[in-house]
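The values are calculated or read from the model by the stated rules, or taken from the named source; none is laboratory data. In this text, all values refer to a predicted model and were calculated from it rather than measured experimentally. A quick note on method: Cβ atoms are made from the backbone with ideal geometry, for glycine too, and the neighbour counts reach across all protein chains shown. Quick note on the areas: whole protein, heavy atoms, side chains included, nothing else; ligands and nucleic acids left out. Shrake-Rupley method; radii C 1.70, N 1.55, O 1.52, S 1.80 Å.
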Amino acid sequence: MKFESTLDLVIDEIKSVLAGVTDESIEELSGSILEAKRVFLFAMGRSGLAMKAFAMRLMHLGLKVHVVGEVTSPSLGEGDLLIVGSASGETPSVVLNSKKARKVGAGIASITASKESTVAGLSDMVITVPTKTPKVPDRAGVSSVQPMGNLFEQSLLILTDIIVMNLMERLSIDSEMMFKNHANLE
């Protein structure tokens, strides 16, 4: 396996998956983030790592953000926004937390590969990242040469970074301003 040709394949896969994401969906989610009292993020596995990276950048923007499951995360309530990531949209803990969010009156946004999933059905807004995954192998979407859910997880990270860039523009915040919120205890 040659690095350069594999890199081209991976980048082409990510580009083909994210090509279906609309400016309107980015604007809608960005607006919901800015309107929320607080933003809560949740996903499991490698998707969870991508969502934690998103949480970090939202914090760098000066927003009130929490990662569900961390010991400092408060209770979710009305006026808050829960953003979940799940390729299958059927991850049991993601479904459960989405149902809890619905019960307490919080908004729910999901980033999923399956707009027909349980999580998508519970959500106020859905951004679809159409990939195939081992959990839902016969679903329509982009196939990958990569293992397991890599394509969804990579696309989730890049998508959320683009959302951060949209928020930077809306808030008139640049990277230098964000860096003031960067950790200084390292």
Checklist entry - Just checking, which of Ser25, Ser5, Ser73 is open to solvent by 60 Å² or more (accessible area, probe 1.4 Å) and not hydrophobic (A, V, I, L, M, F, W, C)? => result Ser5
Checklist entry - Which ones in the range 27-39 are more than 11 Å from the chain's Cα centre (by Cα) and not in a loop (DSSP other than H, G, I, E, B)? => result Glu27, Glu28, Ser30, Gly31, Ser32, Ile33, Leu34, Glu35, Val39
Checklist outcome for this item: Across (1) open to solvent by 70 Å² or more (accessible area, probe 1.4 Å); (2) in a helix (DSSP H, G or I); (3) at pLDDT below 95, Glu186 clears everything bar (2)
Item to check | Residue check for Leu41: buried (at least 20 other Cβ atoms within 10 Å of the Cβ) and closer than 16 Å to Val126 by Cα | outcome: yes
Item to check | Subset of the range 69-89 (residues that are in contact (Cβ under 8 Å) with a residue 40 or more places away in the chain, assigned to a loop (DSSP other than H, G, I, E, B) and under 15 Å from the mean Cα position of the chain (by Cα)) | outcome: Ala87, Ser88
Next on the checklist: Take the conditions basic (Lys, Arg), in a loop (DSSP other than H, G, I, E, B) and either open to solvent by 20 Å² or more (accessible area, probe 1.4 Å) or touching a His at 6+ places or on another chain (Cβ under 7 Å) (or both) and apply them to Lys15. Does it pass?
Outcome noted: no
Next on the checklist: So the check is Cβ under 6 Å with 6+ separation or different chains; which pairs have a first residue in the range 117-139 that's more than 14 Å from Glu90 (Cβ to Cβ) and a second one that's surrounded by fewer than 17 Cβ atoms within 10 Å (Cβ to Cβ) and at pLDDT 90 or above?
Outcome noted: Met125/Glu28
Checklist outcome for this item: Taking the range 154-183 and keeping only residues that are free of Cβ contacts under 8 Å to residues at least 24 places away in the same chain and not in a helix (DSSP H, G or I), one is left with Ser172, Asp174, Lys180, Ala183
Checklist entry - Is there any pair linking a residue in the range 41-53 that is closer than 15 Å to Leu159 by Cβ to one that is acidic (Asp, Glu), with Cβ under 6 Å and at least six apart or on different chains, and which? => result Arg46/Glu153; Ser47/Glu153; Ala50/Glu153
Checklist entry - Has the range 130-151 got at least one residue that is closer than 16 Å to Phe54 by Cβ, of a type outside the set (Phe, Trp, Tyr), surrounded by 20 or more Cβ atoms within 10 Å (Cβ to Cβ) and in contact with a Gly (Cβ under 8 Å, 6 or more places away or on another chain)? => result no
Next on the checklist: Please determine whether any residue of the range 88-103 is open to solvent by 20 Å² or more (accessible area, probe 1.4 Å), more than 15 Å from Val164 (Cβ to Cβ), touching a Phe, Trp or Tyr at 6+ places or on another chain (Cβ under 6 Å) and not aliphatic (A, V, I, L, M).
Outcome noted: yes
Checklist entry - Counting only residues that are in a loop (DSSP other than H, G, I, E, B), over 14 Å from the mean Cα position of the chain (by Cα) and either surrounded by 14 or more Cβ atoms within 10 Å (Cβ to Cβ) or among the β-branched types (Val, Ile, Thr) (or both), how many does the range 45-68 have? => result 2
Checklist entry - Name the residues in the range 90-113 that are out of contact with any helix residue (DSSP H, G or I) (no Cβ under 8 Å at 6 or more places or on another chain) and assigned to a loop (DSSP other than H, G, I, E, B), would you? => result Gly105, Ala106
